[in-house]
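Report on the structure given below.
The values are calculated or read from the model by the stated rules, or taken from the named source; none is laboratory data. Computed from a predicted model, the values in this text were never measured in an experiment. Here the Cβ positions follow ideal geometry from the backbone for every residue, glycine too, while neighbour counts run over all protein chains shown. With ligands, DNA and RNA removed, areas are computed over all heavy atoms of the protein, side chains included. Shrake-Rupley method; radii C 1.70, N 1.55, O 1.52, S 1.80 Å.
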Amino acid sequence: MTQSFNSLTEELRSVAQDLLREGKVNMFIGFGPGTLTARTTPLFISKPDAAAELTWSPFCANNLAGYLLDYRETNETIGVLVKGCDSRSIIRLLQDNQFPRSRLVVIGIPCAGLLDSEKVTLELGPQTEIGDVTDEDDNFLVITTTGQHRFAKKDYLLPKCLECIDSNPVICDHFTGKKINKVNELEINEGEVNERFAEIKSLEALSPQERSGYWDGYFQNCLRCYACRNVCPACNCRECIFDQAGPDWVSKRNNLSENTAFQIIRALHVAGRCVDCGECDRVCPVNIPLRHLNQKVLKDIDELFDAPMPGTDLEQQPVLGHYCADDPDEFK
Ligand code: SF4
Ligand code: SF4
Ligand code: SF4
C-alpha cells in the first residue's frame, strides 16, 4: 500500500487541532521538524493554531509516551501521539498507576518503520531539505531539494523496526491513517524474514569469557550520564536508587565495576516491564547496545514464563509484578 506522509501529517494536524479547540486536551505532544535533515523533535502545543507545526515521517524516533511522567502531578489532560512500540509504554504507565487514564487522550498512528537518521543523513548530506516521504512497502521514497532517493527498508530501518511486533498501536482513542501490515514481514535475505532475538541468540552462543569481554568493552565507556534511564518509560520511580545519597547502594564512581553494577541493576529494575521501545539504545551518546541487554532479559522472561510482550494487554499484570495465592511453590 503506497502512503504519503504529507497526507498523514495533514490528518494528524486536523485531529490535534480539533482536540485542542474543543478543549478535550490542554496539551498535545507530537513531533515537529528538527534542525537537521532526517531529524524531528518532540513538540508540545497548547493552542489549536500550533497544530500546523506538527509533522509525521519515518524520522519521528522519540517515544513521546515517556514525557507523560513530567505531567503526572499536574491537572492537565494530555493528548499524546504514539506508534505501536510507544503505545506499549502507555499500557505500562497505566498499569503502574503513573498516569490516570482520565487525563489521557492517545492518538495512534500506523508505523511502517523508522529510518536510521544517521545512515540517511550520510546519503543525503546534513542540510538537504526533505519534502514528502512515501511508504512503498519495501522502500521509502524520499523527495528532497536534490531529487528522489529510495531507501530500502531492509537496509535502512532501525534494528528494532526489523523485529517490530506492533505496527499499529495496541491502545488508542483516535487512530490516524489506515492500519498497515507488520513491518517484520519484510524479506531481509532471499526467502528469509528477520528472526526475533537473532542477535541475542548469537551473543548467548559466545563463551562466558567472550560475553564478558563484549560487555566490558562497552561498559567501560559508559559516562553515567543517565540518558538511558531518563528517557525510559519503565524507569518511573519517583526516587531512583542511583540518585539516593543514603543508603549509598551504588557508588557514583565511574569505572568498569560500578558502571557494570549500574547497567545490571537497571536492566533488572525494568525486567518484565521494558516494552522494547529501544529509546535507551537510541539515546546513548557512546553507542552502548543497551537493547541487547534488555532483550536478553525479555527473551529469558518469555521462555521462563511464556509471558506476552509487556504492555500489550492492559488486563495482563506484569509477569514479575504479581503473585497468585494458589501458587504451588512456597514463598521463603
Ligand atoms: S518498532 Fe514498530 S512501531 Fe516501533 S518504530 Fe519500529 S516499526 Fe514503528
Ligand atoms: S529499557 Fe530501553 S527499551 Fe526498555 S522500555 Fe526502557 S527505554 Fe524502552
Ligand atoms: S546513556 Fe549510555 S553513557 Fe549514558 S548512562 Fe546510559 S549507558 Fe551510560
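What's the carbon and sulfur percent of the chain's accessible surface, probe 1.4 angstrom, rounded to a whole number? If you can, show how the numbers build up before the last one.
Working: 8150 of 16680 Å².
In the chain, the share of accessible area belonging to carbon and sulfur is 49 percent.
Let me know the shape class of segment 119-194, please: from the alpha-carbon gyration tensor, a ≥ b ≥ c as square roots of the eigenvalues, rounded when a/c is under 1.5, otherwise prolate if a/b is greater than b/c, or oblate. Don't skip to the answer; put the middle values down first.
On the way: a/c = 2.24, a/b = 1.33, b/c = 1.69.
Oblate.
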Exercise. Extending each Cα 7 Å along its Cβ direction at ASP132 and LEU36, get the distance between those two points in nm, one decimal.
Key: 2.8
Quiz item: With r defined as the distance between the Cβ atoms of GLU303 and ASP18 and R0 fixed at 51 Å, what FRET efficiency is calculated, to the nearest 0.05?
Solution: 0.65
Exercise. Would you please name the GluC sites (Glu not before Pro) within segment 1-104 that are DSSP coil residues with at most 14 other C-beta atoms within 10 Å of their C-beta?
Key: GLU22, GLU73, GLU76
Quiz item: D for segment 97-249, whole µm²/s, Stokes-Einstein with Kirkwood Rh over alpha-carbon pairs at 25 °C and 0.890 mPa s: what number?
Solution: 125
Quiz item: Rounded to the nearest whole Å³, what is the per residue volume of the convex hull around the Cα atoms of segment 211-265?
Solution: 87
Self-check item: Inter-label distance for ALA205 and GLU258, nm, one decimal - labels placed 7 Å from Cα along Cα-to-Cβ
Solution: 3.8
Practice problem: Could you list the square roots of 5 times each eigenvalue of the Cα gyration tensor of segment 291-330, that is, the equivalent ellipsoid semi-axes, sorted largest first and rounded to whole Å? | Solution: 21, 14, 8
Quiz item: Under a point spin-label approximation (7 Å from Cα along Cα-to-Cβ), what is the GLN244-THR146 distance to one decimal in nm?
Solution: 5.3
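Taking the Cα centre of segment 190-292 as origin, sum charge times position over the Cβ atoms of Lys and Arg (+1) and Asp and Glu (-1), and report the length of that vector in debye to the nearest 20. Display every interim value, and only then the final one.
Working: 12 positive and 14 negative charges, 90 e Å.
Using only the charged Cβ atoms, the result is roughly 440 debye.
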Quiz item: Which whole-number percent gives the relative contact order of the chain, counting Cα pairs below 8 Å spaced six or more residues apart?
Solution: 16
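By per-residue mean of other Cβ atoms within 10 Å, what is the highest-first order of 247-255, 280-288, 89-97? Working shown, then result.
Values: 247-255: 10.6, 280-288: 17.4, 89-97: 21.0.
Most protected by this proxy first, the peptides run 89-97, 280-288, 247-255.
Can you give me the convex hull volume of the Cα atoms of segment 1-139, divided per residue and expressed in Å³? All intermediate terms of the calculation are to be shown ahead of the outcome.
Working: hull volume 15.6 nm³, N = 139.
Hull volume over Cα atoms, normalised by residue count, gives 112 Å³.
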Quiz prompt | For VAL82, distant residues with modelled amide H under 5 Å away | solution = ILE107, GLY108, ILE109
Practice problem: Kindly give the semi-axes, whole Å and largest first, of the ellipsoid equivalent to segment 220-332, taking each as the square root of 5 times a Cα gyration tensor eigenvalue. | Solution: 27, 18, 13
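Hey, what number do you get for the chain at 222 nm if only DSSP H runs of n ≥ 4 count, each worth -39500 (n - 2.57), divided across all residues, to the nearest 500?
Numbers: 11 runs with 103 residues, N = 332.
The helix-only estimate for the chain comes to -9000 deg cm²/dmol at 222 nm.
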Quiz prompt | Principal axis box of segment 39-88, alpha-carbon based, largest edge first, Å | solution = 32, 30, 15
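How long is the gain from GLU53 to ILE188 if the chain were fully straight, where each residue apart is worth 0.36 nm and the alpha carbon distance is subtracted?
On the way: separation 135, 0.36 × 135 = 48.60 nm, distance 3.54 nm.
Computed gain between GLU53 and ILE188 is 45.1 nm.
Scanning the chain for helices, which whole DSSP H stretches are 20 Å or more long along the axis (Cα) and average -1.0 or more by Kyte-Doolittle? Walk me through the numbers before you get to the answer.
Values: long enough: 5-21 (24 Å, -0.28); 290-305 (23 Å, -0.39).
Sorted by number, the helices that extend far enough and score high enough are 5-21, 290-305.
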Quiz item: If you average 1/r over all unlike Cα pairs in the chain and invert the result, what Kirkwood radius do you get in angstrom?
Solution: 21.2
